[in-house]
Structure formats: structure tokens, C-alpha cells
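Peer 1: Structure in C-alpha cells, see below.
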Amino acid sequence: MKLASLKQGRDGRLVVVSSDLAWYADAGHIVGTLQAALDDWDQYEGALRNLATDLDHEVIPRERFHERDAAAPLPRAYQWADGSAYVNHVALVRQARGAEMPETFWHDPLMYQGGSDGFLGPRDPIPLADESWGCDLEAEVVVVTGDVPLGASREEALAAVRLVGLTNDVSLRNLIPGELAKGFGFFQSKPASAFSPVFVTPDALGDWWQDGKLHRKLMVDLNGQPFGRAEAGEDMTFDFGTLIAHAAKTRALGAGTIIGSGTVSNRDADGGPGKPIAQGGVGYSCLAEVRTVETILTGKAETPFLKAGDTVRIWAEDDKHHPIFGVIEQTVGG
């Protein structure tokens, strides 16, 4: 089942989207918003699935689904917590800074809590008031949970996953060092994130969803050129069950909590830093990583951060090269 929210008010209008993303059916007669559906998932899930089946069988009225009309599936959420499951990415960044990486980073996930009172839609521009802030894309996988009890096990946490999707978790890299130096974490350096047009139930992903990981390539284009083709299911040190359980260690998580994977990152086949696609590698899911690799190899970062007019495109494909979650396509300052 694929769910989306069309732009309407603060919380959108919930619709069920066909498997091929071509059509939608309004779900308002069942439940008005995705957050309301998540709040009482056991009550609404069956009816939403029946609607999705009827839509795919073309036995109910339907409308064309246009991704430009979509808000984030959850236009605002009670909680957005982003992990750093691909420790390869963290290790590279620290190596470029000449900083030793603590051994605990391989066993204890990093996580920060981001702003969730307003997300960007998949076609919304990336606001950028000052290019000197160092605007970066971050292509990631996300999950949305139901209620997760305090102290949940990994297995309980995985059972609470209701939906899977993608995000562009925008970062302002040049603001990060100053904020972290204060010892209190991110705030101004983490503006609003954008999400894929649809979120998908894990069962609809079939074998692509295994062991709390999405086993598909995360496709990233920058200004129309291939930039990243990393395998989301590889080099993921912490699966989503582990990330959710980590978040629930000291507090229960409310239905509608979004948990991010952090930047998807693969090592090269030889075990070293990833290579650009043009050099036979799988590329990168953020600019900071390619800049880090450049620093390690040559002593200087050469790839610039995003500037006004740049376009970012993020998606994942099925076996027929069709987008699974729709496409995030944004222009900086557009």
C-alpha cells in the first residue's frame, strides 16, 4: 500500500496511491490525514488496504496522481529523529578532519532530533538565504512508526514500522562546526527536510525490505548528472530496528515518529573510500562525503556546495526502473 498527502491545510489530505504511482483515490471517507491514520492504525489499516486494492483493480473512481501536488506524506510530525547508520560516512568525515573515531561509534548509534513542525514537499524548493552557509543534500531512507513502548527491543521496534520512504535531509555544513562547538547539537544547521511523494508499507516492498533495511539503490542526480547510486542495504551498520530501539531507550515514541537512516554511504569494492560514478564507483549521497574523499586524497575539497539554481533529484527504483516512492526533485532557492 502506498500513501500520500495532497497539499491542503497544515496536515494535507490523505490519499491512497496506485502501485504504479499513476492514480490516487481519496481516503477522506475513511480517515482525513496520515497522522490520524497512524494514531489508530489497527482501526484504519484494513479499510485503507481495501481502498488500495480497489484502486489497483480500477473498480472505484480515481484521479491522476501528480507528484507536484503532493506535500510530504506527513507534512508535520510529532517527532523526527535522524540516525547515522552508515558508519562508513562518519569514519570518512572524521578521517578528513584528522579526528580519531571512537570505537563506540560502531556499537552505539549517533542520533539527533530535528525540527518536525513543517516539512518540505517533494517538489518544493530548498530555501537558502546565504550560499556561504554551505547547503548540502543528504539522501536517506526513513521509516514511520506506530507507538513504540519505552525500552522496546529491536524486534518490537521493527514490528512498529508502519511505512518506509525517502528524504532529502538538508544540511548547512558551514554552520555545523560552530554549533557543535557549543556542545549542544544541531539547530540552525538543520533546516526543513523534504520527503518522497509517497510512503510505502513494508509488505509492499517484498524482499526489498529485509532485516530492517531497504535493499535498493538510492539514486541521486545533481544538475541532471548521476551523482549517487549507493546500495541502501549495504554497509548499514545499524538497521532500523536498532535505530528505533535506540531512540526508545529512555522514552516511548508516539505514532507518527519518523526515523532516518542518515546519509547512505558505501565503501568502494576495494574497501577504501567510495569513488565517483564516472570512475566506476557508486558515487555519493551527499556533497560532504565527496568533499571528504577529495580532502583525504588530495588535501583539498574541490566540489562546491549547492548554490541557487542547482537541482537535486532523489529516488529508488523497482526492477523495471520505475520509482518506488516517487521522486524528490528540488531546486535550490527556486
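Peer 1: Plugging the Kirkwood radius over Cα pairs into Stokes-Einstein for region 57-161, at a temperature of 20 °C and a viscosity of 1.002 mPa s, what D comes out in µm²/s?
Peer 2: Translational D for this selection: 120 µm²/s.
Peer 1: Please work out the average accessible area per residue across region 269-334, using the 1.4 Å probe convention, and give it in Å².
Peer 2: 47
Peer 1: Suppose a student asked you for the relative contact order of region 251-334, using Cα pairs under 8 Å spaced at least 6 residues apart; what percent would you report?
Peer 2: Reported relative contact order: 16 percent.
Peer 1: A further question on this structure: Using the structure shown, list the pairs from Lys190/Lys300; Lys190/Lys307; Lys217/Lys275; Lys190/Lys249; Lys2/Lys217 with a Cα-Cα distance above 21 Å, or answer none.
Peer 2: Distance filter (> 21 Å) returns Lys190/Lys300; Lys190/Lys249.
Peer 1: While we're looking at this one, here's another question. Put a dot 7 Å past each Cα toward the Cβ at Gln95 and Asp54; how far apart are the dots in nm?
Peer 2: For the pair Asp54/Gln95, the computed spacing is 5.5 nm.
Peer 1: Going by average Cβ neighbours within 10 Å, how do the peptides 105-117, 319-331 rank, with the highest at the top?
Peer 2: Per-residue Cβ counts within 10 Å, averaged per peptide and sorted highest first, yield 319-331, 105-117.
Peer 1: I've got another one for you. Of all the accessible heavy-atom surface of region 108-166, with the other protein chains kept in place and a 1.4 Å probe, what percent is carbon and sulfur?
Peer 2: Of the solvent-accessible surface of region 108-166, carbon and sulfur hold 50 percent.
Peer 1: Local charge sum around Gly241 (other residues, Cβ-Cβ under 9 Å, Lys/Arg +1, Asp/Glu -1)?
Peer 2: Net of charged neighbours comes to -3.
Peer 1: Take the Cα coordinates of region 5-116, assign each an equal point scatterer, and use the Debye formula without solvent to give log10 I(q)/I(0) at q = 0.23 Å⁻¹.
Peer 2: Treating every Cα as an identical point scatterer, log10 I(q)/I(0) equals -1.21.
Peer 1: Same structure again: Compute the accessible area per residue over region 81-121, keeping the other protein chains in place, probe 1.4 Å, unit Å².
Peer 2: Averaged over the residues of region 81-121, the accessible area is 49 Å².
Peer 1: Considering only protein heavy atoms and a 1.4 Å probe, what is the carbon-and-sulfur percentage of the accessible area of region 191-319?
Peer 2: 47
Peer 1: When the Kirkwood hydrodynamic radius is evaluated over all pairs of different C-alpha atoms of the chain, what value in angstrom, to one decimal, is obtained?
Peer 2: With all distinct Cα pairs of the chain included, I get 20.1 Å.
Peer 1: Once the Cβ-Cβ distance between Asp117 and Lys320 is put in as r, and R0 is 45 Å, what FRET efficiency do you end up with, to the nearest 0.05?
Peer 2: For R0 = 45 Å, the calculated efficiency reads 0.75.
Peer 1: Show the residues, 5+ positions off or on another chain, whose built amide H is closer than 5 Å to the amide H of Trp23.
Peer 2: Placed amide hydrogens put Ser18, Phe65 under 5 Å from Trp23.
Peer 1: Using a cut-off of 13 Å between beta-carbons, work out the net charge of the residues near Leu55 (Lys and Arg +1, Asp and Glu -1, Leu55 not included).
Peer 2: After counting each charged neighbour, the total is -2.
Peer 1: Could you please report the charge total around Leu175, scoring K, R as +1 and D, E as -1 over all other residues with beta-carbon less than 14 angstrom from its beta-carbon?
Peer 2: -1
Peer 1: Let me ask something else about it. What number, rounded to the nearest 500 deg cm²/dmol, is the helix-based mean residue ellipticity at 222 nm of the chain, given -39500 (n - 2.57) per DSSP H run of at least four residues and division by all its residues?
Peer 2: -5500 deg cm²/dmol
Peer 1: Once the cut-off is 21 Å, how many percent of the Cα-Cα pairs in region 155-218 end up in the long-distance tail?
Peer 2: That fraction is 46 percent.
The values are calculated or read from the model by the stated rules, or taken from the named source; none is laboratory data. Everything quoted here is computed from the prediction, not taken from an experiment. Note: ideal-geometry Cβ built from the backbone for every residue, glycine included; neighbour counts use all protein chains shown. Protein only, heavy atoms only, side chains kept; ligands, DNA and RNA dropped before computing areas. Shrake-Rupley method; radii C 1.70, N 1.55, O 1.52, S 1.80 Å.
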